[in-house]
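Data first, discussion second: the structure below is written as structure tokens.
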Amino acid sequence: MTHNEAFAVVAKPGDNLVDLSTPRPIIDEDRLAANIARIQSYMDAHHLNFRPHIKTHKIPALARAQAAAGAKGINCQKITEAEVFASAGFEDILITFNILGTEKLARLAALHERISALKVVADSAVTVDGLAAHFAARKPLTVLVECDTGGGRCGVQTPAEAAALAERIAKVPSLVFGGLLTYPKPGGAADVQRFATETLALLRSVGIDCPVVSNGGTPSLFDAHLVTAATEHRAGTYIYNDRSMVRAGHCTEDDCAMHVLATVVSRPTADRAVIDAGSKALTSDLLGFSDFGTIAGYPQAVITGLSEEHGVIDLSRCTGKRPEIGEKIRIIPNHTCVVSNLFDTMVFHRNGVVTRVEEVAARGLVW
């Protein structure tokens with residue numbers, strides 16, 4: 001079977017969603033377009049460059065739509081993701097991960113030769129020195145200093161440490177200091193502003209220019225304008241939206257472009273339904289929820305448990321109609337980004353009719 005034939009088995013334009021084999025993630029074209037336009041308009045209104053994180057969709061065609069709307073470059077998390085998007089024609093790529101080790105550095109160097117505007121991050125002298133040594137005989141690589149402004153993940157811990165690492169980068173001929181970057185905690189705009197302002201002052205005092213201050217995160221998306229020191233914002237989930245975004249108040253269920261289409265395969269009791277979407281379709285990522293997604297049209301039904309291929313739904317709270325065996329239901333996942341990494345293809349539709357099938361080109365790739 002050829003690659004195109006395999007796609008045709010999944011779905012083809014004109015097919016009805018009710019006829020698709022399940023489980024299957026499906027994307028509403030109109031909601032997708034509206035999400036892209038909405039966030040780009042917000043960033044434009046506040047004069048912020050917007051750099052979408054492609055880890056949510058991993059599909060070059062969607063990154064092209066984001067760029068056409070006005071996005072400036074893309075954000076990848078892995079070298080292998082960046083390689084896929086470089087092959088698709090993208091030049092301005094930021095990889096937001098500390099890159100260490102001979103094999104990864106060799107791939108990074110090869111990627112750097114292919115595109116015009118590759119950038120990476122570092123939060124330690126070890127990472128900086130490894131990059132500096134590997135790129136000594138190559139064209140200089142742009143490096144941003146990652147700062148922990150409250151997110152509790154990677155990043156230098158103080159403005160003084162950020163400035164010192166920037167100085168270290170700036171002194172190395174094989175590297176170019178590209179700016180500051182952070183992934184803050186939700187609601188952490190004030191902390192980001194304070195950290196960035198203090199670091200910028202320290203850099204100015206030693207004559208180091210800081211061309212970029214990159215803020216990030218979909219949870220902090222609509223606080224982006226509060227960080228006036230930032231020059232760009234990065235976010236990914238917004239393109240599809242998910243249950244966590246609804247909970248955060250960033251969107252409604254009607255803004256969720258991704259659903260996981262599933263079939264009810266069993267009704268063992270009046271209060272229980274079983275579907276063909278388990279942890280390999282919905283993921284086991286709870287993101288603070290106690291259950292595994294919202295079922296469109298059945299708000300009182302609760303997906304209480306997942307095994308690998310089965311999802312168990314508690315119907316005891318349902319006061320009206322309950323899903324029947326053979327019925328296809330649509331589920332808003334807790335975390336859409338993880339769902340993308342579980343499927344080779346994504347089916348797009350408009351009003352329940354398939355419009356296209358796209359390969360999730362950067363899914364499942366090791367470093």
(request) With springs connecting C-alpha atoms under 10 Å apart, model the chain as a Gaussian network and identify which of R114, R243, R330 has the largest mean-square fluctuation. (result) R114
(message) Skipping prolines and chain starts, which residues have an amide H placed within reach, meaning under 5 Å, of the one on F97, given they are 5 or more residues away or on another chain?
(response) V121
(request) Taking H placed 1.01 Å from N in the peptide plane, check which residues at least 5 places from E309 or on another chain put their amide H under 5 Å from its amide H. (result) S279
(request) Identify which of L181, L226, L141 has the largest mean-square fluctuation in a Gaussian network model of the chain, with springs joining Cα atoms closer than 10 Å. (result) L226
(message) If each residue of separation counts as 0.36 nm, what is the full-extension length gain between I208 and V126 once their alpha-carbon separation is subtracted?
(response) 27.4 nm
(request) Order R272, R31, most accessible first, counting only protein heavy atoms with a 1.4 angstrom probe. (result) R272, R31
(request) Please turn the phi angles of region 282-294 into ³J(HN,Hα) values with the Karplus equation 6.51 cos²θ - 1.76 cosθ + 1.60 (θ = phi - 60°), one per residue in order, whole Hz, x for glycine and proline. (result) 8, 6, 9, 6, 7, 6, x, 7, 9, 9, 10, x, 9
(request) Between beta-carbons, use under 14 Å as the cut-off and find the net charge around C147, counting Lys and Arg +1, Asp and Glu -1. (result) -2
(request) Output the relative contact order of the chain, whole-number percent, from Cα pairs under 8 angstrom with separation of 6+ residues. (result) 21 percent
(request) Have a look at the DSSP beta bridges in the chain and tell me what percent are antiparallel, nearest 5. (result) 45 percent
(request) Report, to the nearest 10°, how far helix 125-134 tilts away from the longest principal axis of the Cα atoms in the chain, using its own Cα long axis and a range of 0 to 90°. (result) 80 degrees
(message) With a 1.4 Å probe and all protein chains kept in place, how much accessible area does Y298 have, in Å² rounded to the nearest 10?
(response) 20 Å²
(message) Quick query: amide H of K58 versus all other amide H atoms, modeled in the peptide plane; which residues come in under 5 Å with a sequence gap of 5 or more or a different chain?
(response) none
(message) Suppose accessible area is computed on protein heavy atoms with a 1.4 Å probe; arrange R267, R317 from highest to lowest.
(response) R317, R267
(request) For region 207-212, just list the computed ³J(HN,Hα) in residue order, Karplus coefficients 6.51, -1.76 and 1.60, θ = phi - 60°, integers in Hz, with x standing in for Gly and Pro. (result) x, 9, 7, 10, x, 9
(message) Solvent-accessible area of D19, probe 1.4 Å, all protein chains present, reported in Å² to the nearest ten, please.
(response) 120 Å²
(message) Just want to confirm a number: the relative contact order over region 54-123, from Cα pairs under 8 angstrom separated by 6+ residues, in percent.
(response) 30 percent
(message) Tell me the net charge near Y238. Cut-off is 12 Å between Cβ atoms, Y238 excluded, with +1 for each Lys or Arg and -1 for each Asp or Glu.
(response) +1
(request) Using a 1.4 angstrom probe on the protein heavy atoms only, line up R107, R247 by accessible area, largest first. (result) R247, R107
(request) Tally up the carbon and sulfur contribution to the accessible surface of region 44-176 as a whole percent, 1.4 Å probe, everything protein left in place. (result) 55 percent
(message) Show me, for region 69-76, the HN-Hα J-couplings you get by feeding each phi into the Karplus relation (A = 6.51, B = -1.76, C = 1.60, θ = phi - 60°), rounded to Hz, glycine and proline as x.
(response) 6, x, 5, 10, x, 10, 10, 10
(request) Under a 10 Å cutoff between Cα atoms, tell me which one of C210, C76, C318 has the largest fluctuation in the Gaussian network model of the chain. (result) C318
(request) Just read off the accessible area of E253 with the full protein assembly in place, 1.4 Å probe, to the nearest 10 Å². (result) 90 Å²
(request) Could you tell me what percent of the accessible area of region 209-363 is made up of carbon and sulfur, with a 1.4 Å probe and every protein chain present? (result) 49 percent
(request) Taking only protein heavy atoms into account and a 1.4 Å probe, give the accessible area per residue of the chain in Å². (result) 41 Å²
(message) What is the sum of charges, Lys and Arg at +1 and Asp and Glu at -1, for the other residues whose Cβ falls under 13 Å from the Cβ of L282?
(response) -2
(message) Taking 8 Å as the Cα distance limit and 6 or more residues as the minimum spacing, I'd like the relative contact order of region 254-293 as a percentage.
(response) 27 percent
(request) Just list whichever of K12/K78; K104/K280; K280/K321; K58/K104; K104/K139 have alpha carbons separated by over 22 Å in the model shown. (result) K12/K78; K104/K280; K280/K321
(request) Please state the charge dipole magnitude for the chain, taken about the Cα centre, from unit charges on C-beta atoms (+1 on K and R, -1 on D and E), reported in debye and rounded to the nearest 20. (result) 220 debye
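The values are calculated or read from the model by the stated rules, or taken from the named source; none is laboratory data. Computed from a predicted structure; not experimentally measured. Ideal geometry is used to build each Cβ from the backbone, glycine not excepted, and the neighbour counts take in all protein chains shown. Each accessible area value is taken on the protein alone, full model and side chains, heavy atoms only, with ligands, DNA and RNA left out. Shrake-Rupley method; radii C 1.70, N 1.55, O 1.52, S 1.80 Å.
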